[in-house]
Amino acid sequence: MAHRRLQRGEKIVIASHNAGKLREVAALLAPHGIEVTSAGALGLPEPEETETSFLGNARIKAHAAARAAGMPALSDDSGFSVAALDGAPGVYTADWAMRPEGGRDYALAMGKVHDLAQHASDRVAWFTCALVLAWPDGHEEGFEGKAEGVWVWPPRGAHGFGYDPMFVPQGRHESFGEMDPAEKHRISHRAAAFALLAASCLPPAAG
């Protein structure tokens, strides 16, 4: 079955309130001539993420935003997984950063990973990104990408967001937090998922 494609100049809503994700996804979309707004800018509520998979939670966010905004919506559900923790925090990546008084603190979340996994010999870790593009009529396209590597302590670098400073991708020496953002965009889990999305649903990139 043929994939449904967006047209150059078409406007979509990015179904996220996370500023870091918004920057990365907007930068990836820009060469394809896709205009973006965000769920936050439109005042859309954040739906409850009740699924146990990245694709499942991405579907919830994409369809909620597409229906509410009346335009195609792209959602990202991503997370950090540690082999020694049986894949945790995984889909609960953001929950691990919740402070008792509200708000998210990823330094706290990274510390939690270290506290629980510090005695394990296995340092394997990975990021997963699921992207779902949904239309107001209920149609959807879904894609998933991964970045394999190891977790390190202490966290390194001030770039990126979330758990980036404690993740070193396979074959590299710099953490995602130390990397130039353009280089991270090129090799990240989000880039892997986006490449699949672009091939199936986006107009060719300019240039």
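Bear in mind these aren't lab numbers, they're just calculated from the coordinates by the rules spelled out. Just so it is clear, the model here is predicted, and its values are computed rather than measured. Glycine also receives a Cβ, built like all others from the backbone with ideal geometry; neighbour counts cover every protein chain displayed.
Lys/Arg Cβ at +1, Asp/Glu Cβ at -1, dipole of region 11-201 taken about the Cα centre: which of Y163, S53, P136 is farthest positive-ward?
Checking the options against the dipole of region 11-201, the answer is Y163.
How far is the Cα center of region 60-126 from the Cα center of region 143-207, in Å?
So the separation of the two Cα centres works out to 15 Å.
Ordered by packing density, taken as the mean number of other Cβ atoms within 10 Å over each peptide's residues, highest first, how do 90-97, 38-45 rank?
Values: 90-97: 18.5, 38-45: 15.1.
Top of the packing list down: 90-97, 38-45.
What order do you get for 101-110, 51-60, 114-123, 12-21 when each peptide is scored by the mean count of other beta carbon atoms within 10 Å, highest first? Can you show the working numbers first?
Details: 101-110: 13.8, 51-60: 18.5, 114-123: 12.0, 12-21: 20.7.
Per-residue Cβ counts within 10 Å, averaged per peptide and sorted highest first, yield 12-21, 51-60, 101-110, 114-123.
Which whole-number percent gives the relative contact order of region 11-201, counting Cα pairs below 8 Å spaced six or more residues apart?
After rounding, I find 18 percent.
Out of residues 5 or more away from S38 or on other chains, whose amide H comes under 5 Å of its own, with H placed 1.01 Å from N in the peptide plane?
I14
If you place +1 on the Cβ of every Lys and Arg and -1 on the Cβ of every Asp and Glu, how big does the dipole about the Cα centre of the chain come out, in debye to the nearest 20?
Charge dipole, the chain, about its Cα centre: 460 debye, nearest 20.
Could you run the Karplus curve 6.51 cos²θ - 1.76 cosθ + 1.60 with θ = phi - 60° over region 124-140 and give me ³J(HN,Hα) per residue in whole Hz, x for Gly and Pro?
Listing the rounded values in order: 5, 8, 7, 9, 10, 10, 10, 10, 10, 9, 10, 10, x, 7, x, 5, 9 Hz.
Could you give each residue of region 60-70 its phi-based ³J(HN,Hα) in whole Hz, using Karplus coefficients 6.51, -1.76, 1.60 with θ = phi - 60°, and x for Gly or Pro?
4, 5, 5, 5, 4, 5, 5, 5, 6, 8, x
Output the peptides 64-73, 160-169, 22-31 sorted from most to least packed, where packing is the average of other Cβ atoms within 10 Å over each peptide's residues.
160-169, 64-73, 22-31
Amide H to amide H under 5 Å from E174: which residues, 5+ apart in sequence or cross-chain, H placed 1.01 Å off N in plane?
The list, which skips near neighbours in sequence, is empty: none.
Can you work out the Karplus-derived ³J(HN,Hα) for every residue in region 48-53? Use 6.51 cos²θ - 1.76 cosθ + 1.60 with θ = phi - 60°, whole Hz, and x for glycine or proline.
6, 8, 10, 7, 10, 10
How big is the C-alpha Rg of the chain next to the rule-of-thumb value 2.2 N^0.38 Å, as a ratio?
Dividing the Cα radius of gyration by 2.2 N^0.38 Å gives 1.01.
Under a 10 Å cutoff between Cα atoms, tell me which one of A182, A130, A84 has the largest fluctuation in the Gaussian network model of the chain.
A182
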